[in-house]
Amino acid sequence: MSLLGFLVLLIIAALAGGIGQAIVGFSRGGCLAAIAVGFVGAYVGWWIAQTFHLPAFLVVNVDGQPFPIVWAIIGSALLAGVLHLFFGYSRPHRRSY
């Protein structure tokens, strides 16, 4: 894989992760967190599609590497939802007088 192809995959993963996080309403971290959620979400979504024999929608091939955008967004939303369950609780801030 070339450097340009890797950068394109990073951008697509960041967009998929950002959309998945926006669907759930959970956003911890910045662009690097969205990239990580996008890549892991792509694997989760692809695994769900393969397990239930669902078709792949909107697959982008970058340097011979397929990246299923729709399943990446769905997987990212599921992953962000699970992360929100574990890490989403925020304690009320104490006031110091």
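Computed on the Cα atoms alone, the convex hull of the chain gives a volume of 101 cubic angstrom per residue. When all protein chains stay in place and ligands, DNA and RNA are ignored, the 1.4 Å accessible-area order of TRP71, TRP47, largest first, is TRP47, TRP71.
Averaging the sequence gap over all C-alpha pairs within less than 8 Å and six or more residues apart, then dividing by the number of residues, gives region 1-90 a relative contact order of 36 percent. In this calculation the C-beta distance from SER2 to TRP47 is compared with R0 = 30 Å, giving a FRET efficiency of 0.65. PRE reach from ALA56 (point 7 Å along Cα→Cβ): which of region 64-86 fall under 18 Å by backbone N? Residues 64-76 fall inside that zone. For the chain, the solvent-accessible area of protein heavy atoms averages 70 Å² per residue (probe radius 1.4 Å; ligands and nucleic acids excluded). The largest accessible area among PHE26, PHE87 belongs to the first residue in PHE87, PHE26, and the rest follow in falling order (1.4 Å probe, all chains).
The values are calculated or read from the model by the stated rules, or taken from the named source; none is laboratory data. Not measured: the values here are computed from a predicted model. Quick reminder, even Gly has a Cβ in these numbers, built from the backbone with ideal geometry, and neighbours come from all protein chains shown. What goes into the accessible areas is simple: the full protein's heavy atoms, side chains included, and nothing from ligands, DNA or RNA. Shrake-Rupley method; radii C 1.70, N 1.55, O 1.52, S 1.80 Å.
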